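Quick notes on the structure that follows.
The values are calculated or read from the model by the stated rules, or taken from the named source; none is laboratory data. None of these values were measured; they are calculated from a predicted model. Neighbour counts run over all protein chains shown; Cβ positions are idealised from the backbone, glycine included.
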Ligand code: CAA
């Protein structure tokens with residue numbers, strides 16, 4: 001199927017990045033969220049990130065203007081109805097996602113492919129709550145979306161081959177690379193990445209190292225672009241904990257138990273960069289370790 005129009009639900013960190021890359025690749029994008037201020041913030045972020053690409057010579061000024069011109073924002077889910085492809089990128093809570101799908105389904109064209117950017121919720125279970133499990137799949141971008149090359153494509157048990165092929169063609173047109181993952185808890189990237197982050201929090205909890213020494217070790221000792229605690233703050237500690245819980249419950253193995261210190265940070269509302277405090281405090285001119 002030839003996909004031209006794309007609906008995006010959620011204008012947060014992931015949603016605005018997804019809108020950015022689709023618009024830049026020439027797709028017409030409709031983005032929705034529950035508040036106008038979230039949509040306004042998202043458009044400002046997209047503008048800034050496009051500016052950054054112009055400044056670095058990655059794209060031309062004309063590409064920036066054209067991309068911004070291809071994104072329409074709306075508060076009405078119904079406006080996504082005619083889209084060829086819908087990507088849900090709302091909060092990582094299953095009930096919220098199910099409510100969004102329930103609100104969206106009566107408006108969707110029969111041919112629309114429905115996808116979720118979920119980082120860990122079962123695609124098969126989400127699909128089973130819709131009228132189109134054959135045309136439903138996982139379309140998982142990495143953060144920051146304009147920079148990261150990978151998209152995980154996850155087939156639910158009922159996803160048909162035509163849907164998979166259409167999504168694969170979209171990933172190629174975006175200039176990104178797809179990796180196909182089976183629908184098991186947290187798929188591939190987070191199945192491997194989150195236990196590493198959780199282990200870094202255990203190392204901190206047990207006093208093996210400080211925030212600074214743990215991050216320096218992995219940055220300079222394993223050539224990671226960010227240390228695991230800095231990366232956890234970047235992803236969001238609530239998201240990290242939610243994914244560890246999915247692994248722990250879904251695979252029923254104690255090796256996935258979330259570190260109590262990670263739980264404590266989330267309980268404190270210290271969720272990382274988005275709340276300006278996590279393993280680092282971001283309220284001053286430079287990040288300061290909180291332990
Ligand atoms: N939009 C557009 N461009 C951006 C950008 C954004 N939001 N953020 C950074 N960039 C660009 C910069 O303009 C720069 O471009 P050039 O190469 O053309 O100069 C490039 O990205 C590098 O940026 P910076 O020089 O500012 O910073 P950096 O070198 O420190 O890199 C980083 C920043 C790319 C984020 C790097 O630190 C990194 O790769 N970190 C790890 C990110 C990661 O692991 N992400 C996956 C998280 S897991 C996930 O997302 C899955 C999940 O479900 C939780």
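Criterion applied to 59, 46 was being assigned to a loop (DSSP other than H, G, I, E, B) and at pLDDT 95 or above, and the one residue passing it is 59. Please indicate, with yes or no, whether at least one residue in the stretch 174-189 is free of Cβ contacts under 8 Å to residues at least 24 places away in the same chain and either more than 16 Å from the ligand (Cβ to nearest atom) or surrounded by fewer than 19 Cβ atoms within 10 Å (Cβ to Cβ) (or both). Scanning the stretch 174-189 turns up no residue that is free of Cβ contacts under 8 Å to residues at least 24 places away in the same chain and either more than 16 Å from the ligand (Cβ to nearest atom) or surrounded by fewer than 19 Cβ atoms within 10 Å (Cβ to Cβ) (or both). Checking each residue of the stretch 149-158 against the condition of being closer than 27 Å to residue 253 by Cβ, touching a strand residue (DSSP E or B) at 6+ places or on another chain (Cβ under 8 Å) and surrounded by fewer than 16 Cβ atoms within 10 Å (Cβ to Cβ) gives at least one match. Any residue that is under 21 Å from residue 31 (Cα atoms) and surrounded by fewer than 17 Cβ atoms within 10 Å (Cβ to Cβ) - is there at least one of those in the stretch 116-129? Scanning the stretch 116-129 turns up no residue that is under 21 Å from residue 31 (Cα atoms) and surrounded by fewer than 17 Cβ atoms within 10 Å (Cβ to Cβ). Is one or more of the residues making up the stretch 252-259 buried (at least 21 other Cβ atoms within 10 Å of the Cβ), in contact (Cβ under 8 Å) with a residue 12 or more places away in the chain, part of a loop (DSSP other than H, G, I, E, B) and on the phi > 0 side of the Ramachandran plot? No.
What do you reckon, is residue 89 surrounded by 22 or more Cβ atoms within 10 Å (Cβ to Cβ) and within 16 Å of the ligand (Cβ to nearest atom)? Talk me through it step by step, then tell me what you get.
Details: surrounded by 22 or more Cβ atoms within 10 Å (Cβ to Cβ): yes; within 16 Å of the ligand (Cβ to nearest atom): yes.
Judged against the criteria, residue 89 is a match.
Residues that are part of a loop (DSSP other than H, G, I, E, B), at negative phi and modelled with pLDDT of 95 or more within the stretch 1-11 comprise 3, 4, 11, listed in sequence order. Look through the stretch 111-129, keep the residues that are under 15 Å from residue 187 (Cα atoms) and assigned to a loop (DSSP other than H, G, I, E, B), and return whichever of them is nearest to the ligand (Cβ to nearest atom). The qualifying residue nearest to the ligand (Cβ to nearest atom) is 119. The residues of the stretch 262-291 that are over 19 Å from residue 198 (Cβ atoms) and in a loop (DSSP other than H, G, I, E, B), listed by number, are 269, 276, 282, 283, 284, 285, 286, 287.
Given the structure, is residue 132 away from the ligand (no atom under 14 Å from the Cβ) and modelled with pLDDT under 95?
Values: away from the ligand (no atom under 14 Å from the Cβ): yes; modelled with pLDDT under 95: no.
When the stated conditions are applied, residue 132 does not pass them.
Count of the stretch 135-157 residues, restricted to those that are more than 7 Å from the ligand (Cβ to nearest atom) and over 18 Å from residue 92 (Cβ atoms), is 6.
For the stretch 192-209, the candidate set comprises residues that are in contact (Cβ under 8 Å) with a residue 40 or more places away in the chain and touching a helix residue (DSSP H, G or I) at 6+ places or on another chain (Cβ under 7 Å); within that set, the residue that is surrounded by the most Cβ atoms within 10 Å (Cβ to Cβ) is 201. Remark: residue 216 falls outside the filter, which requires a residue to be surrounded by 15 or more Cβ atoms within 10 Å (Cβ to Cβ) and either away from the ligand (no atom under 16 Å from the Cβ) or more than 24 Å from residue 120 (Cβ to Cβ) (or both).
Looking at residue 18, is it in a helix (DSSP H, G or I), over 26 Å from residue 136 (Cα atoms), within 16 Å of the ligand (Cβ to nearest atom) and under 17 Å from the mean Cα position of the chain (by Cα)? Break it down into steps so the answer makes sense when it comes.
Values: in a helix (DSSP H, G or I): yes; over 26 Å from residue 136 (Cα atoms): no; within 16 Å of the ligand (Cβ to nearest atom): yes; under 17 Å from the mean Cα position of the chain (by Cα): yes.
Against the criterion (in a helix (DSSP H, G or I), over 26 Å from residue 136 (Cα atoms), within 16 Å of the ligand (Cβ to nearest atom) and under 17 Å from the mean Cα position of the chain (by Cα)), residue 18 does not qualify.
Among the residues in the stretch 97-108, are any more than 14 Å from the ligand (Cβ to nearest atom), at pLDDT 95 or above and not in a helix (DSSP H, G or I)? Yes, the stretch 97-108 has at least one match.
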